[in-house]
1. If you check A:G441 against the conditions, is it touching a strand residue (DSSP E or B) at 6+ places or on another chain (Cβ under 6 Å), touching a residue at least 24 places away in the same chain (Cβ under 8 Å), open to solvent by less than 20 Å² (accessible area, probe 1.4 Å) and over 30 Å from A:D293 (Cβ atoms)?
2. Please pick out the residue among B:D383, B:D361, B:D366, B:D403 that is buried (at least 19 other Cβ atoms within 10 Å of the Cβ) and of a type in the set (D, E).
3. Can you work out which of the residues in the range A:278-327 that are open to solvent by 30 Å² or more (accessible area, probe 1.4 Å) and polar (S, T, N, Q) is nearest to the other protein chains (Cβ to nearest Cβ)?
4. Against the conditions (1) buried (at least 17 other Cβ atoms within 10 Å of the Cβ); (2) more than 14 Å from chain A (Cβ to nearest Cβ), where does B:L603 fall short? Just the number, please.
5. Looking only at residues that are surrounded by fewer than 21 Cβ atoms within 10 Å (Cβ to Cβ) and not polar (S, T, N, Q) in the range B:626-637, which one is nearest to the other protein chains (Cβ to nearest Cβ)?
6. Looking at (1) away from chain A (no Cβ under 14 Å); (2) open to solvent by less than 60 Å² (accessible area, probe 1.4 Å), can you tell me which one B:P538 breaks?
7. Restricting to the range A:613-625, and then to whatever is open to solvent by 30 Å² or more (accessible area, probe 1.4 Å) and not hydrophobic (A, V, I, L, M, F, W, C), can you tell me which residue is nearest to the chain's Cα centre (by Cα)?
Number of protein chains: 2
Amino acid sequence: MPAPHRTSLHIADVAIADEFWSPRRETVRTRTIPHQETRLREGGQFEALLLKPRSHDDDDRELFPIFWESDVAKWIEAASYVLATADDPELDSASLNSAVDKAIDLLAGAQQEDGYLNNYFTAVKPGKRFTDLGDAHELYCAGHLIEAGVAHYEATGKTSLLDIVRRYADLIDREFGPGGSCEGGYDGHQEIELALVKLHRATGERRYLDLSLRFIDNRGTQPFYFDVEGERRGHAGYFGGREQRPFNPRDQRGREYAQSHAPVREQDAAVGHSVRAMYQYCAMADLALELGDEGLRAACERLWDDLVSTKLYVTGGLGSDPSIEGFGKPYDLPDYTGYAETCAAIGLVFWAHRMMLLTGDAKYVDVLERALYNGVLSGASADGTKYFYGNPLASDGTVERSDWFDCACCPPNLARLLTSLEQYVYVADAEGLWVNLYVTGSARFAHGGQRVTVTQESGYPWDGAIAFQITEAEAPLPMTLRLRLPEWATGPARVSVNGTVLPYTTDKGYAVLDRTWTAGDRVELHLPMAPALVRADPRVLSTVGKVAVQRGPIVHCVEEIDNAAPVPRLVIARSGELRTEHADGQDSIIAEGLVDAPAADSLYATEPPAAEPTAIRTVPYYAWANRGKGTMAVWVRETP
Amino acid sequence: MPAPHRTSLHIADVAIADEFWSPRRETVRTRTIPHQETRLREGGQFEALLLKPRSHDDDDRELFPIFWESDVAKWIEAASYVLATADDPELDSASLNSAVDKAIDLLAGAQQEDGYLNNYFTAVKPGKRFTDLGDAHELYCAGHLIEAGVAHYEATGKTSLLDIVRRYADLIDREFGPGGSCEGGYDGHQEIELALVKLHRATGERRYLDLSLRFIDNRGTQPFYFDVEGERRGHAGYFGGREQRPFNPRDQRGREYAQSHAPVREQDAAVGHSVRAMYQYCAMADLALELGDEGLRAACERLWDDLVSTKLYVTGGLGSDPSIEGFGKPYDLPDYTGYAETCAAIGLVFWAHRMMLLTGDAKYVDVLERALYNGVLSGASADGTKYFYGNPLASDGTVERSDWFDCACCPPNLARLLTSLEQYVYVADAEGLWVNLYVTGSARFAHGGQRVTVTQESGYPWDGAIAFQITEAEAPLPMTLRLRLPEWATGPARVSVNGTVLPYTTDKGYAVLDRTWTAGDRVELHLPMAPALVRADPRVLSTVGKVAVQRGPIVHCVEEIDNAAPVPRLVIARSGELRTEHADGQDSIIAEGLVDAPAADSLYATEPPAAEPTAIRTVPYYAWANRGKGTMAVWVRETP
């Protein structure tokens, strides 16, 4: 079995010190994470871990939501990333460390003798553990606890939480292994599968990988496990199937909702709940990489092609159907009513990164970057205190972000992504370094027995001129440096080394610089970054006849506040000039266009309306809805 | 006080014998009315009239919907129109007569000693009559009973139902008159106001007119009556405000919902529930005509201008907001999600006709005709057995008509309009005859002491050539014949008399032919009827950049089944030819245009999509959704 070829650099070995991400990460550190701790304390999530088993198990009141442990886990995970990388004197690391330790103590107290750790089932439904995998989010919570345990261990070196989650994982392995009480079972909301791969990597224990593969390979085989467990319960769902999910888990739509309608290796279309799908696909890519499993790899590539060719918003958002928080039919990407949950775009970042590790193909990072800078980032307000759950591509003027959600999956998910952004910037393999994202900062890694440090500097995402310097290398260093050539580049990239423009070869979307480096070497990459108009396949009926404005990785939108009329009245000239203005830390694009003037007298007339020239001003999509309500659209009509 | 100048001809004096309306009216006679009788029997509406007061008035179960008597009344009204005009040998008039008599017997049995007639309050809520006018639809039901009583009397000469409703109206007059228990009150769903005008006209009793005026003038004055009655009940709505209507009747939105937010004479914008609005405006126009009331006339004209200049769909539909079955903001006319209830368009026909009677202006008939041929007629399927409650102007392919509705106001409303269509065709006054609608058939009326018969013949609405003949006139007849010149005409109308083209004067949209006629005189009117493209004011954001196709009074739509691609992918060429094809009893327009072709490879691209020439075929909007599901749009993109 081949070892993984490519790995992310550890987040402690990457520094991010730019003008784009650093302030946003600072907001997460100084506001979002403390705010979330307060929410967890006030909301009762911590307190729920203190509950003891109830005396009357015929009392079926629900004391707290079944997914609360995942909220605690995601907070610990994000806080751990902060502890791993924080060099901010304003941040009281000791205080955060202590808050995390207290939360871990609560989890330790709630863990049962045999390793079980889900206080909903311990305190509210004793005796019912692992009997409603289809709906109960039990293994989903376990997965988030495991991710938190690994992150905490890697950040702090402490095994307090890692030990807890290992004992729990060991119990799950017994119960779901051959002869176990839940043999053949798998999660109703995928998550534990990718977490077990992380646990394997952190501990070296092969059986966590095997357990993950077992979950993946059990999924969608017949008889369907959710049918089997339902029959065992006499079809009485503990959580009333219809309350927890829009479909019966035991019919075809319900199975598609949780991607359990067919064996995973045979799946070829992105269907159902989009976050469930992304987490499953992540685990498939992880296992394909760890095990060299060609069947899983092929399935991942089919699912990827289906997603990016028919079900992906231009913002990197996905899951257009709000009724299932999931995928619509191919090309069904409505702009006003589309869902595009923040968590789904985050899940796509996770999956795309794994696909790049698996294949070495930059096309996956193109999508990662599209999601990251657009459909993910739009999830939070500029000040980091308000959130979108769904991220529509157009607004009639009534849409705005909320303070919080009852089902608050998106804000902590955004927090853990931004606090661990380091891992997506660089990838290392035996040949050298791959640069996937352009973020000012540095990377430290070992190559050919040497310690190497590379710095990166640019005005990205506003400027396509990026400079790298080998600042640490003990001796002449034969190494391949791969620089991603983004799909958005509006011309051939130019590469120079120490001031001399050099020809370069390309491989799967990377410029390949294979040479012997010495400390002080400087590489300059120039990516042409002209603003451009983008069109969707006309089968996307909501956007036909319209264009989106993009510059570099940033997808723009048009807001009423910057323009002469409500956005639907604006028309961008197909062949007009697109001018970039940079102010207040972000680009605006000014497009030539027309505005349809109000009619002189009657509501309907046979004469075409008068159209007057106007300049149409954009802002980055991620920045919309920060200046009051008004109409907004990513897709704007164009003159043919 | 001036007597009414203009009156509709009685429906028994008008014959409709054309190829457009006659088959549709036949469907109503032979299918809809018997079908509705069955529904009323099976649904329990008839049976509910037999219920006696309940012994336990603390049992607050609701035995039947509060508006059921209006269903019975509308059925009797439509059946009465059939009895007035039927000359169809297939129709068993005796049987229909007997069914109507039986229904009237049930109403007689349910009427109380003092004249009260609402069996919901008699049997289910004894002692609570007239205590929740805001929500209980009590006077609304009374209004429909009165309309039925008048129609039945005028159709059959029998006073069985007229006597019943007069006794009820007399009770209402006492209760709502000076010193009555409900002095100052008015209906939560306007309807009785226009019915009382009809009762006045049928009986000559002035106090019904006074009562109607009292309802109109009480409305919206302070203190608000629904507040007053609410306080009397201790704010305990019998029907739970939120269940019967989307708003609290005692706040501003709730008041606007029922047009009781301001004194009627001060109202200047169409707001709230659109059917309530139309029925109120009808009564206002009636009273302005009967009483020469300039204040009500001015209010009607202001409300009309607001409606037609900012809130009317091109189909004559109105009330774009489904959440209130009512008006949105100005220019808020969404195509996919717009409501445009069939009953509201029917109400607009009622109001527009009254405005024409009041003003002699053809502009009201232009709107009447627009609603009648489009937004009203779309409410029923081609075979007359399925119905739209809402009539959206575009469909994503999921919209279809239903068999029936729990709140079945629209099907019987359509039935009573089509069975009494005669009254909208001609108007008479002291000077002569006004022709408002072009419908093959004849009109019989008295003028200058003579009996006159005029026949009309055309292929309308598909052909603008219309011929009239004076077929009966005892002596040379000085008379003014006014022929409406529709706003849709695509050129000057041509008029000839006995084969000679004559110049004509025009007045308020009518060609005025003032001469002395003799039997056998023939008038030919030619209305240029070229297909045309119509644009909306660009402030209508859902339709900006799009055109609708219209020919004559018929607004067309494009259905996927007739075209090369889903409708949003089609673009009509602004300057292309529009060709008319007539087949199977209706027009199609074939427009030159383009279809955006699917992209070759990727979902998003910078190149504009390839557009291929295509012929775009329309059907009349009223005829859509009769051939399975598919995308549809009235408004289609156009090339600038």
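The values are calculated or read from the model by the stated rules, or taken from the named source; none is laboratory data. None of these values were measured; they are calculated from a predicted model. Glycine gets a Cβ as well: all are built from the backbone with ideal geometry, and neighbour counts include every protein chain shown. Surface areas here come from the heavy atoms of the whole protein model, side chains and all, with no ligands, DNA or RNA. Shrake-Rupley method; radii C 1.70, N 1.55, O 1.52, S 1.80 Å.
1. Yes, satisfied.
2. Details: B:D383 fails: buried (at least 19 other Cβ atoms within 10 Å of the Cβ); B:D361 fails: buried (at least 19 other Cβ atoms within 10 Å of the Cβ); B:D403 fails: buried (at least 19 other Cβ atoms within 10 Å of the Cβ).
The unique qualifying residue is B:D366.
3. Filtering first and then ranking leaves A:S309.
4. (2)
5. Only one residue tops the list, namely B:G630.
6. (1)
7. Once the filter is applied, the top-ranked residue is A:R617.
Residue by residue, here is whether (1) under 18 Å from A:L513 (Cα atoms); (2) among the acidic types (D, E); (3) within 14 Å of chain B (Cβ to nearest Cβ) holds:
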residue: A:F388; (1), (2), (3): no, no, no
residue: A:V427; (1), (2), (3): yes, no, no
residue: A:E431; (1), (2), (3): yes, yes, no
residue: A:V435; (1), (2), (3): yes, no, no
residue: A:A443; (1), (2), (3): yes, no, no
residue: A:A465; (1), (2), (3): yes, no, no
